Amino acid sequence: MPLPDPIIEVLAVFRPLFTAPTWRKLMILLTGTLLAHGRRTVAAALRATGLSQASNWSLFHQVLNRARWSPLAVSRQLLLLIVETFVPAGAWVDLVIDETLERRWGSKIRKRGNYRDSALSSKERSVSSPGLRWIVLAVVVTLPWTRQRWALPFLCVLATTPEVSARLGKRHKTIAMWAHQMLSLVRRWLPDRSIKLLGDSAYSVLELGVYAQHQHVTLITTGRLDAVLHDPPPERKEHTMGRPRVVGERLPSLEQVLQNAETAWQKLTLDWYSQGERPVDFCTGSALWYRTGSAPLPLRWVLTRDPQGKRPPKAIFCTDPTQTAEEIIKDFMKRWSLEVTFEEGRAHLGIETQRQWSDQAIERSTPVLFGLYSLVTLFGQALHPDGQLLIAQAAWYRKHTATFCDVLALIRRHLWDLQTFPTSPTDPGAVLVPARRLSASHGWSVIELEMYKVKLRRCAET
């Protein structure tokens, strides 16, 4: 199945990473995955490309469970492509990191564990689900067809529970330890770029912050209200005996600052996740985050609260004390874009519907689907660099900017435009393709149906 020239140009940078047979099969699976609906299995991709009767169907499974190619090399090339396309030279590269649970069952999935399910849990109760926990690292970018920021994944790591690590005979790594290694890779891949890493409380770890500072990476995370903060050490006097002090006097905890009636709060109005402007009260300061046995970490802390009291207070730590509180709050709000990516990936790319059970296939299939989210965005930019995309509308919901669903529908239309649909009144094998097969959602059904009718008439005339 051919691909449009702009898409081929985007994929050309990945061609040297695969052998020729693997690349041909990968392009078929890529096209089928984009066109398929529902489950994103190898069989579904083959059906979508018209290869349901292919006798060599088992060879396509080998792309995931046996073929020799490096996911890390693909991740590196994807990161470089995203940065080159969407991040201007000299600008900060904003990275966001978070975990997501892929709910999977099956006794043959060796790295499956039980984790807290954030979608089913609440403050009153905690629900655990069996599955695979993925740590996803993405680049936050601004696109020409929307006002909202998108998080484009490029690196995924499968983390396990301590029990699973012990059963497999491997040393257990915490979330912060995995983030440490992922940060090392990114700094190696982008040695000359200024990087910010945004995370939640799981990444608010002193050792990770010290390492990020050593790598010249700004780490912005949710801070603990009971974190031990200190003043800088006083100037050492001449002829003083003993080791020099590494920190000064201990400061009041942020919980005490929050409860103190004399705390000076400043007001700020923010565009709250593109939902309108909301007021926020904040106070800020600089300190040394310290724990015995670790080097002190200079940071700027920002404490925010809702003037109306509807949202809980939040502390934010930034390892760059020179940044202003407003910049830190705005940067931290970019973290939510990755949650949108998780939801869109499940809704439109079939994440959690894979059926592989071998370790290598599992550790390749889910990162490939997350990477496909970024590739779809790159394809949309290549097909319409001006950002003028057709936006699906509904009578009950008016959209003003394009969404991932619209970009995916655009790519599907371009893929189907390259096909020839033979039709004959006497051939029972020639059937109409349902409009839902051409679109990303039912919102495109009328448009796609009209386009398909025009193509059928042209084929009938020839």
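The values are calculated or read from the model by the stated rules, or taken from the named source; none is laboratory data. No experiment lies behind these values; they were computed from the predicted model shown. Here Cβ is always computed from backbone atoms with ideal geometry, including for glycine, and neighbour counts include all displayed protein chains. Accessible surface is based on the protein model in full, side chains and every heavy atom, while ligands, DNA and RNA are left aside. Shrake-Rupley method; radii C 1.70, N 1.55, O 1.52, S 1.80 Å.
Of the residues in region 183-209, how many are modelled with pLDDT of 95 or more and among the β-branched types (Val, Ile, Thr)?
Within region 183-209, residues that are modelled with pLDDT of 95 or more and among the β-branched types (Val, Ile, Thr) number 2.
Being within 20 Å of the chain's Cα centre (by Cα) and either open to solvent by 20 Å² or more (accessible area, probe 1.4 Å) or over 29 Å from Leu78 (Cβ atoms) (or both) is the filter here; which residues of region 129-139 pass it?
Within region 129-139, just Arg133 meets the criteria.
Those residues that are within 24 Å of Trp336 (Cα to Cα), surrounded by fewer than 15 Cβ atoms within 10 Å (Cβ to Cβ) and among the polar types (S, T, N, Q), I need them from region 269-304; list them, please.
Thr269, Ser274, Gln275
For region 185-210, what are the residues that are among the charged types (D, E, K, R) and either within 16 Å of the chain's Cα centre (by Cα) or open to solvent by less than 10 Å² (accessible area, probe 1.4 Å) (or both)?
Scanning region 185-210 gives Lys196, Asp200.
So, in region 105-128, of the ones that are of a type in the set (Gly, Ala, Ser) and open to solvent by 10 Å² or more (accessible area, probe 1.4 Å), which residue ends up modelled with the lowest pLDDT?
Ala119
Find the residue count for region 243-268, including only residues that are farther than 22 Å from Pro307 by Cβ, open to solvent by 60 Å² or more (accessible area, probe 1.4 Å) and part of a loop (DSSP other than H, G, I, E, B).
Summing the residues that are farther than 22 Å from Pro307 by Cβ, open to solvent by 60 Å² or more (accessible area, probe 1.4 Å) and part of a loop (DSSP other than H, G, I, E, B) in region 243-268 gives 6.
Using the structure shown, decide if Arg236 is part of a loop (DSSP other than H, G, I, E, B) and touching a residue at least 24 places away in the same chain (Cβ under 8 Å).
no
Please find, within region 327-376, the residue that is farthest from Val140 (Cα to Cα) out of those that are in contact with a strand residue (DSSP E or B) (Cβ under 7 Å, 6 or more places away or on another chain) and among the hydroxyl-bearing types (Ser, Thr, Tyr).
Result: Thr366.
Scan region 1-51 for residues that are in contact (Cβ under 8 Å) with a residue 40 or more places away in the chain, farther than 21 Å from Pro385 by Cβ and in a loop (DSSP other than H, G, I, E, B) and report the count.
12
Can you find, within region 225-242, the residue that is most open to solvent (accessible area, probe 1.4 Å) among those that are acidic (Asp, Glu) and within 40 Å of the chain's Cα centre (by Cα)?
Asp226
Only one of Val83, Val127, Val74 is more than 17 Å from Tyr373 (Cα to Cα) and of a type in the set (Val, Ile, Thr). Can you tell me which?
It is Val127.
Taking the condition of being surrounded by fewer than 18 Cβ atoms within 10 Å (Cβ to Cβ) and not in a loop (DSSP other than H, G, I, E, B), how many residues in region 146-163 meet it?
3
All but one of (1) modelled with pLDDT of 95 or more; (2) open to solvent by 20 Å² or more (accessible area, probe 1.4 Å) hold for Ser75; state the number of the condition that does not hold.
Ser75 satisfies every listed condition except (2).
Of all residues in region 320-361, count the ones that are part of a helix (DSSP H, G or I), within 18 Å of the chain's Cα centre (by Cα) and β-branched (Val, Ile, Thr).
Count: 2.
Checking the condition within 25 Å of Ile7 (Cβ to Cβ), surrounded by 17 or more Cβ atoms within 10 Å (Cβ to Cβ) and touching a helix residue (DSSP H, G or I) at 6+ places or on another chain (Cβ under 9 Å), which residue from Leu59, Leu81, Leu95 passes?
On inspection, the qualifying residue turns out to be Leu81.
Is it the case that region 119-126 has a residue that's part of a strand (DSSP E or B) and at negative phi?
Checking region 119-126: not a single residue is part of a strand (DSSP E or B) and at negative phi.
So, Arg311, is that one at pLDDT below 90, part of a loop (DSSP other than H, G, I, E, B) and open to solvent by less than 80 Å² (accessible area, probe 1.4 Å) or not?
Judged against the criteria, Arg311 is a match.
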